[in-house]
Structures are given as structure tokens and as C-alpha cells.
Amino acid sequence: MVTISSANTIDMASSPILAIRRGVSRSVARRIKRLLGKLMPHIPMKHALVVTVVPGNVIQTPSGKRAFGLFRASGNGIEICIAGTPIRNMTTIDDIERTLCHEFAHYEQFRDGRRLQERGVKVRAENLRRKALAA
Ligand SMILES: [Zn+2]
């Protein structure tokens, strides 16, 4: 279920590596793994990318903000990180899936040489999730 690979084994443009950190529930891990597999036919990859799901309701971004997810391209590689614990009575695994799709929409901006911005991302993320879950 959990795939972790060191950076020097990643082929360019291969499927993303999924890393589920200890403390993420099995139900979230299962749903994210399934969604990722169903998303891939809709998102041509041009880069190696690592998706990390961490326990907790939010993550802290490098700039110190709290967020549900993060897309980052840096010297350490290209990564998506998402918070893997729903907020009780507030968010659900569906929302965690939406966050994953949101960050992949940012990856598409990066892949296509577009500016990373929120404009259009929400709509694209919903379209990606709908397409994936219809498959
Ligand atoms: Zn965003």
C-alpha cells in the first residue's frame, strides 16, 4: 500500500511516488492511493514528483502559513504534501481528496510553465476529481 522510494531511483516522468507517513489512518491512505491511481491518466507527468500524506489537520508551509496542502518545486525536487487527518465535524476524506487534486492543479501550472496562482485551480481540481472518480 505504501510506496517510498529514494530520490535517486525515480525515473523522470514516472508515476508519482506516494509516501504515507505513520499516523495517517488506513481509510485515508486507501482513498488517496486509489484516487492517485485514477488521476494519473488525466495528468500527463513531465517530472518526478513525490506525494507525501502526513498526519494532522494542517501542514505548515515553508513560509510559515498553515494549509491543507502544498505544492513545491525546489532544489529538493517537486513535491506535494497534504494533511491526512480530517478535522472532526468539519472536514472529511472527500476534502483531503480535493486538496490532493488542488495541488495537482498547481503541478499542471508548473508543468506548463504557467504562473503558480489560485485562479482557475478550484475549478480544475473539481474537474480532475470528477473525472478520476467517474473512471
Ligand atoms: Zn492553491
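Each value in this text was obtained by applying a stated rule to the coordinates, not by laboratory testing. Source: prediction; values computed, not measured. Cβ atoms come from the backbone with ideal geometry, glycine included; neighbour counts cover every protein chain shown.
A few remarks follow.
- Residue satisfying all of: in segment 89-102; buried (at least 22 other Cβ atoms within 10 Å of the Cβ) and under 18 Å from Ile43 (Cα atoms); nearest to the ligand (Cβ to nearest atom) among these: His102
- The listed residue being more than 15 Å from the ligand (Cβ to nearest atom), buried (at least 17 other Cβ atoms within 10 Å of the Cβ), part of a helix (DSSP H, G or I) and among the aliphatic types (A, V, I, L, M), out of Ala125, Ala132: Ala132
- Matching residues, segment 111-122, being assigned to a helix (DSSP H, G or I) and within 12 Å of the ligand (Cβ to nearest atom): Val121, Lys122
- From the options Pro62, Pro44, Pro86, residue that is within 15 Å of the ligand (Cβ to nearest atom), surrounded by fewer than 21 Cβ atoms within 10 Å (Cβ to Cβ) and in a loop (DSSP other than H, G, I, E, B): Pro62
- Restricting segment 65-83 to residues that are outside any strand (DSSP E or B) and closer than 18 Å to Ala48 by Cα leaves a set whose member that is farthest from the ligand (Cβ to nearest atom) is Gly75.
- Screening Tyr107 with (1) within 14 Å of the ligand (Cβ to nearest atom); (2) among the hydroxyl-bearing types (Ser, Thr, Tyr); (3) within 20 Å of Ile20 (Cα to Cα); (4) more than 11 Å from the chain's Cα centre (by Cα) gives one miss only, at (4).
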